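Peer 1: Structure incoming, see below.
The values are calculated or read from the model by the stated rules, or taken from the named source; none is laboratory data. Owing to the predicted nature of the structure, the values given are computational and were not obtained by experimental measurement. Because the Cβ atoms are built from the backbone with ideal geometry, glycine has one as well, and the counts that use them run over all protein chains shown. Surface areas here come from the heavy atoms of the whole protein model, side chains and all, with no ligands, DNA or RNA. Shrake-Rupley method; radii C 1.70, N 1.55, O 1.52, S 1.80 Å.
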Amino acid sequence: QYHSSQSLHINHTTKNSMSEREKRKVVNHAHKHAGRPFIDVPLFHFIFKPVAFLIAPIWRAFCMIRWALARPLHRRLLPKFVPKRLSHITIGELVFAIPWLVVFFLSYQATFTEKETEKSGTVATLPLVVVFLTANKSNSLISFLLGVPFERMVQWHYLWAVLSLITAAFHYYVAYAFGDDRRRRILVGHEDEYNDDHRNLGSSGDGSDSIHSLEGTNPDFFKFSFDGDENTTGTIFFLALLLLTVPNLLSVLRRWFFEGFYHIHIILVIVLSIFGMMHGAEVIAYVFIWWVLDLLIRYMLMAGLLYPHKASIRSLPADVIEISFPKPANFDYHPGQFIQIAVPKLSMSQFHPFSLSSSPHQGVVTIHIRVLGNWTKKLSELAKKTVFP
């Protein structure tokens with residue numbers, strides 16, 4: 001139902017076991033098929049498809065430059081005998097970790113050294129931007145610019161989500177413990193003098209910090225959390241982020257309760273975005289719109305309107321399933337790409353990625369699936385019963 005676009009040379013960049021000659025062949029083959037620009041970003045692909053013949057040379061040059069720059073980053077840092085979770089770490093992933101550490105340091109400094117509520121809040125919005133950008137499966141700007149396939153961005157999506165929770169907690173703490181006015185009073189040098197542009201953290205008094213903050217006349221963390229519109233929206237935002245992040249780290253929840261997990265995840269993202277913008281993090285609006293656009297393109301345009309809704313399925317020997325459907329004229333792909341499919345009789349919301357086993361010039365698109373997990377076992381049982389839409 002859904003055609004994911006990750007180009008051939010991207011998928012092969014992680015295969016470090018290839019020889020230099022084989023890698024050159026892969027690059028040349030990928031560039032040979034780069035006549036359909038932006039195929040790894042469907043939104044751009046649909047927009048620029050009418051003028052593809054004009055953009056193709058620029059796109060081909062861009063792919064070559066991207067490959068040349070990204071290729072050294074795919075070298076592994078650790079030998080193969082180390083544990084699996086560590087053996088795949090590459091130079092590129094180490095480079096990706098540097099911004100994570102920088103943002104953590106800036107947040108820590110703004111919270112515990114400078115005690116600046118507004119600054120800590122500004123820093124706390126940075127991880128959210130990366131979280132939204134790494135959540136895009138097809139129309140990913142990170143994948144487009146750096147050539148990183150979305151399956152390699154999943155772990156970074158989690159890590160930046162954790163950092164977002166940490167920086168939000170720092171912001172929460174500094175707002176409750178110090179507020180903005182304390183810092184401004186220190187800068188001015190008078191306890192009774194305020195700057196006109198100070199930020200009101202609560203609804204108490206005549207513009208000073210909430211009386212329920214730690215330095216207020218009536219400290220109360222719960223009352224502070226819901227004292228005024230700004231504190232209330234910030235608290236709801238933090239709770240939504242907490243509910244998004246913590247269960248996401250428990251893979252058993254995603255595996256056994258995927259349907260509920262997925263729908264709750266979407267709802268919490270919407271809640272987080274709305275209350276985050278109400279709290280003052282306007283930058284969320286831009287990445288939220290891009291995330292929603294990605295969902296609309298994948299589920300409504302590609303899966304709902306453009307691509308096939310019916311396919312034939314059959315069970316093959318050695319626990320293999322074959323799915324096939326006639327190739328539509330608008331179904332563009334390169335050798336080595338994968339698609340994500342959903343089988344409504346199993347689940348409407350579970351889209352699983354599988355490599356295409358057919359060639360782009362063939363009239364029938366085929367996928368061969370090995371039975372391994374719970375979903376593929378259910379698919380195998382379905383394949384033995386009937387041919388389904």
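Peer 1: Could you please state how large a percent of the accessible area of the range 306-364 is carbon and sulfur, counting protein chains only and using a 1.4 Å probe? Let's see the in-between values first.
Peer 2: Numbers: 1590 of 2770 Å².
The nonpolar share, carbon plus sulfur, comes to 57 percent.
Peer 1: Please go through the residue pairs LYS345/LYS384; LYS137/LYS378; LYS115/LYS223; LYS137/LYS310; LYS49/LYS310; LYS327/LYS377 and name each one whose alpha carbons sit more than 18 Å apart in this structure. Spell out each step's value before the answer.
Peer 2: Details: LYS345/LYS384 14 Å; LYS137/LYS378 25 Å; LYS115/LYS223 21 Å; LYS137/LYS310 23 Å; LYS49/LYS310 26 Å; LYS327/LYS377 26 Å.
Exceeds cut-off: LYS137/LYS378; LYS115/LYS223; LYS137/LYS310; LYS49/LYS310; LYS327/LYS377.
Peer 1: Taking the range 334-380, which trypsin sites (Lys or Arg not before Pro) meet the DSSP loop condition and have no more than 13 other C-beta atoms within 10 Å? Spell out each step's value before the answer.
Peer 2: Working: sites: LYS345, ARG370, LYS377, LYS378; in loops: LYS345.
In loop regions of the range 334-380 (DSSP not H, G, I, E or B), the sparsely surrounded trypsin sites (Lys or Arg not before Pro) are LYS345.
Peer 1: Can you tell me how much longer the chain between GLU322 and SER358 gets when fully stretched, taken as 0.36 nm per residue apart minus their C-alpha distance, in nm with one decimal? Provide the component values of the computation, followed by the final result.
Peer 2: On the way: separation 36, 0.36 × 36 = 12.96 nm, distance 1.11 nm.
Roughly 11.8 nm would be gained on extension.
Peer 1: Additional query: So how much slack lies between LEU101 and LEU141, counting 0.36 nm per residue of separation and subtracting their Cα-Cα distance, in nm?
Peer 2: Between LEU101 and LEU141, full extension yields an extra 12.2 nm.
Peer 1: Between ILE289 and VAL246, what is 0.36 nm times their sequence separation minus the Cα-Cα distance? Round to one decimal in nm.
Peer 2: Details: separation 43, 0.36 × 43 = 15.48 nm, distance 2.44 nm.
Here the answer is 13.0 nm.
Peer 1: Ok, one more. Show VAL246, VAL82 ordered by accessible area, largest first, where the area counts protein heavy atoms only and the probe is 1.4 Å. Provide the component values of the computation, followed by the final result.
Peer 2: Values: VAL246 70, VAL82 30 Å².
Listed by decreasing accessible area, they come as VAL246, VAL82.
Peer 1: Which FRET efficiency value, to the nearest 0.05, is calculated for ALA177 and ASP229 with the Förster distance at 25 angstrom and r the Cβ-Cβ distance?
Peer 2: Working: r = 21 Å, r/R0 = 0.83.
For ALA177 and ASP229, the calculated efficiency is 0.75.
Peer 1: At what distance in nm do the modelled label points of ARG75 and ALA342 sit from each other, each positioned 7 Å from its Cα along Cα→Cβ?
Peer 2: 4.3
Peer 1: Taking a probe of 1.4 angstrom, what is the accessible area of LEU159 in Å², to the nearest 10?
Peer 2: LEU159 has an accessible surface of roughly 80 Å² with all protein chains in place.
Peer 1: Next question. Can you work out the accessible area per residue across the range 62-179, with the rest of the protein chains kept in place, probe 1.4 Å, in square angstrom? Mind showing how you got there, number by number?
Peer 2: Details: 5760 Å² over 118 residues.
Accessible surface, normalised per residue, equals 49 Å².
Peer 1: Now for a separate question. Given a Förster radius of 45 Å and the C-beta distance between PHE62 and SER315 as r, what FRET efficiency does 1/(1 + (r/R0)^6) yield to the nearest 0.05? Before the final figure, lay out each step's value.
Peer 2: Numbers: r = 43 Å, r/R0 = 0.95.
Efficiency at R0 = 45 Å is approximately 0.55.
Peer 1: For the range 94-177, go through all pairs of different Cα atoms, get the mean of 1/r, take its inverse, and jot down that Kirkwood value in Å. Write down the numbers at each step before the final one.
Peer 2: Values: mean 1/r = 0.0756 Å⁻¹.
Final number for the Kirkwood radius of the range 94-177 is 13.2 Å.
Peer 1: Can I ask one more? Across the range 110-125, in residue order, what do the Karplus-derived ³J(HN,Hα) couplings come to in whole Hz, using 6.51 cos²θ - 1.76 cosθ + 1.60 with θ = phi - 60° and x for Gly and Pro?
Peer 2: Computed from phi, the couplings for the range 110-125 are 5, 8, 9, 9, 8, 6, 9, 5, 5, 5, 5, x, 5, 5, 5, 7 Hz.
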